[in-house]
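In what follows, a single structure is set out as C-alpha cells and then discussed.
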Amino acid sequence: MLRVLVVGPCGAGKSTLARDLAEKLDLPLIHMDQLNWKPGWVESSKAEVRERLGKVVAKERWVIDGTYGGTLDIRTPRADTIVYLDYPITLCLLRVLKRIVTGWGETRFDMTDGCPERLDLSFLWYVARWNAGPRIRLHDRLEGHWDKVVQLRSPSEATAWLDSIPAE
C-alpha cells in the first residue's frame, strides 16, 4: 500500500485510522479537512481544493482521509487501496457528539488551525442522514473501484485489519 484513501461517514474515525496507518507504513498523511477549510471555518472553493488535491495525488506515496465525494474522481483512480469505514450511523453520531463535548473550542489534529470544535446542527443532520444520501453517492462514486476497497463495518474490524498489516 503506497496510496491509500480512508473514507466513510463523519465520526467513524477516518482521521485516527489514517494517522495510525500512515505512521505504520511511513507514508505522508493528508487530511481533506485541512485542504478544504481555512481559519474561521471559511470553506475553500472547489477549484482551490481540487488544485491542492491534484498536487497531492500526483505523488507516489500518501494516505488521504476524508470522504469529500466531489473529489473522489481525482483520488480513486490513483489509490491502490480504499479503506471504507462503513460503520453504523448511530455510533458515528454518538462519536461526533462526544467529539463536540470533549473538544469544544479546541482544534482537532486533522483540522485547519482556527477551526475549533463547535456545535453545527446542519452538520449533525448531515451525519444523521448519511444512509439516505451521502452513503448512496459514495457507493456510486466507488463504482469501478470496489476491487480496491477494504470495507470495515466496526471499530474492532478496523483494529484487526490495521494490526494485520506489517509495519514498514
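Key figures for this structure:
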{"item": "Over the stretch 48-168 - Rg/Rh using Cα atoms and the Kirkwood inverse-distance radius", "result": "0.96"}
{"item": "³J(HN,Hα) computed for each position of the stretch 40-53 - Karplus, 6.51 cos²θ - 1.76 cosθ + 1.60, integer Hz, glycine/proline x", "result": "x, 6, 8, 7, 6, 6, 4, 5, 4, 5, 5, 5, 4, 5"}
{"item": "Net charge of Cβ neighbours under 11 Å - reference Pro88; Lys, Arg +1; Asp, Glu -1", "result": "+1"}
{"item": "Charge dipole magnitude, Cβ of K and R +1, D and E -1 - the chain, Cα centre, debye nearest 20", "result": "340 debye"}
{"item": "Value at 222 nm in deg cm²/dmol, rounded to 500, when DSSP H runs of n ≥ 4 in the chain each add -39,500 (n - 2.57)", "result": "-12500 deg cm²/dmol"}
{"item": "Förster-model FRET efficiency, 22 Å R0, Glu143 and Ala47, C-beta, rounded to 0.05", "result": "0.30"}
{"item": "For Glu117, residues with placed amide H under 5 Å, excluding near neighbours", "result": "Gly105, Glu106, Thr107, Arg108"}
{"item": "Candidates per chymotrypsin sites (Phe, Trp or Tyr not before Pro) in the stretch 69-168, loop by DSSP, up to 12 other Cβ within 10 Å", "result": "Phe109"}
{"item": "Distant-in-sequence amide H partners of Tyr84 (H built 1.01 Å from N, under 5 Å)", "result": "Val7, Val150, Gln151, Leu152"}
{"item": "Tensor-based shape of the stretch 62-104 (alpha-carbon gyration tensor, a/c under 1.5 rounded, otherwise prolate or oblate)", "result": "prolate"}
{"item": "Restricting the stretch 98-161 to trypsin sites (Lys or Arg not before Pro) in coil, as DSSP defines it, with at most 12 other Cβ within 10 Å", "result": "Arg118, Arg129, Arg153"}
{"item": "Highest average packing first - 50-60, 72-82, 12-22, Cβ atoms within 10 Å", "result": "12-22, 72-82, 50-60"}
{"item": "Karplus-derived HN-Hα couplings along the stretch 67-75 (A = 6.51, B = -1.76, C = 1.60, θ = phi - 60°), whole Hz, x at Gly and Pro", "result": "6, 5, x, x, 10, 5, 5, 7, 8"}
{"item": "In Hz, Karplus ³J(HN,Hα) per residue of the stretch 13-20 (6.51, -1.76, 1.60; θ = phi - 60°; x = Gly, Pro)", "result": "x, 4, 5, 5, 5, 4, 4, 5"}
{"item": "The chain: relative contact order in percent, alpha carbon pairs under 8 Å with at least 6 residues between", "result": "33 percent"}
{"item": "Extent along principal axes [Cα atoms of the stretch 12-57; Å; largest to smallest]", "result": "32, 22, 17"}
{"item": "For the stretch 118-168: rounded, prolate or oblate by the Cα gyration tensor [a/c cutoff 1.5]", "result": "oblate"}
{"item": "Long-range amide H partners of Trp62 with built H, under 5 Å", "result": "Arg3, Val4"}
{"item": "Filtered GluC sites (Glu not before Pro), the stretch 82-165: DSSP coil and at most 15 other beta carbons within 10 Å", "result": "Glu106, Glu143"}
{"item": "Linear extension gain, Phe109 paired with Thr16, 0.36 nm per residue minus alpha-carbon span", "result": "32.5 nm"}
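Rule-based calculations on the coordinates, nothing more; no lab input. As the structure is a computational prediction, the values presented were derived from the model and not from experiment. Note that we place each Cβ from the backbone using ideal geometry, even for glycine, and neighbour counts take in every protein chain shown.
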